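S.K.: This is the structure I have questions about; it appears just below.
The values are calculated or read from the model by the stated rules, or taken from the named source; none is laboratory data. Computed from a prediction, not measured in an experiment: that's the story for all the values here. Reconstructed Cβ throughout: ideal geometry from the backbone, glycine too, with neighbour counts over all protein chains shown. Just the protein is used for accessible areas: all its heavy atoms, side chains included, with ligands, DNA and RNA removed. Shrake-Rupley method; radii C 1.70, N 1.55, O 1.52, S 1.80 Å.
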Amino acid sequence: MTELPDALPADYDPAHVFRVVATPVAQGWGVWLRAADDSIIHSFGLGFPPGTPFHPDVLDVLGPLLNVQYRLAFHGPESWDELEDHFSAVVYEYTPR
């Protein structure tokens with residue numbers, strides 16, 4: 001498993017996040033929360049062993065983490081597009097119950 005990401009910026013607003021991008025990096029997976037203009041709102045890493053597949057391993061951790069820590073959700077695993085070396089999904093603001 002992985003540690004929780006660093007604290008969010010003080011001005012973080014989930015309504016400003018348009019999509020999430022995840023890509024494998026040397027020590028796991030890097031995740032970027034991006035605005036509609038493609039600027040980076042926040043980023044963090046997920047420490048997985050090299051070669052850990054996105055589906056289902058990374059997504060099984062990333063989905064709930066986006067819900068609880070970042071108040072974001074996506075429309076199921078099928079909403080993630082694989083583009084070259086990364087995965088990307090449009091997200092929406094989510095309020096956990």
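S.K.: Taking the stated definitions as given, is TYR94 among the hydroxyl-bearing types (Ser, Thr, Tyr), open to solvent by 40 Å² or more (accessible area, probe 1.4 Å) and touching a helix residue (DSSP H, G or I) at 6+ places or on another chain (Cβ under 8 Å)? Quick ask: steps written out before the conclusion?
M.R.: Values: among the hydroxyl-bearing types (Ser, Thr, Tyr): yes; open to solvent by 40 Å² or more (accessible area, probe 1.4 Å): yes; touching a helix residue (DSSP H, G or I) at 6+ places or on another chain (Cβ under 8 Å): yes.
So TYR94 fits the description; yes.
S.K.: Here's a follow-up. Filter the stretch 31-48 for residues that are surrounded by 11 or more Cβ atoms within 10 Å (Cβ to Cβ) and assigned to a strand (DSSP E or B) and give the result.
M.R.: Of everything in the stretch 31-48, those that are surrounded by 11 or more Cβ atoms within 10 Å (Cβ to Cβ) and assigned to a strand (DSSP E or B) turn out to be VAL31, TRP32, LEU33, ARG34, ILE41, HIS42, SER43, PHE44, GLY45, LEU46.
S.K.: Go through (1) within 23 Å of ALA15 (Cα to Cα); (2) open to solvent by 50 Å² or more (accessible area, probe 1.4 Å); (3) in contact with a strand residue (DSSP E or B) (Cβ under 9 Å, 6 or more places away or on another chain) one by one and return the number of the condition GLY51 breaks.
M.R.: (1)
S.K.: Follow-up. Taking the condition of being within 26 Å of ASP11 (Cβ to Cβ) and either more than 13 Å from the chain's Cα centre (by Cα) or without any contact (Cβ under 8 Å) to a residue 40 or more places away in the chain (or both), how many residues in the stretch 54-88 meet it?
M.R.: Within the stretch 54-88, residues that are within 26 Å of ASP11 (Cβ to Cβ) and either more than 13 Å from the chain's Cα centre (by Cα) or without any contact (Cβ under 8 Å) to a residue 40 or more places away in the chain (or both) number 5.
S.K.: Looking at (1) among the basic types (Lys, Arg); (2) open to solvent by less than 60 Å² (accessible area, probe 1.4 Å); (3) at pLDDT below 95, find the lone condition where ARG19 falls short.
M.R.: Going through (1) among the basic types (Lys, Arg); (2) open to solvent by less than 60 Å² (accessible area, probe 1.4 Å); (3) at pLDDT below 95 one by one, ARG19 breaks only (3).
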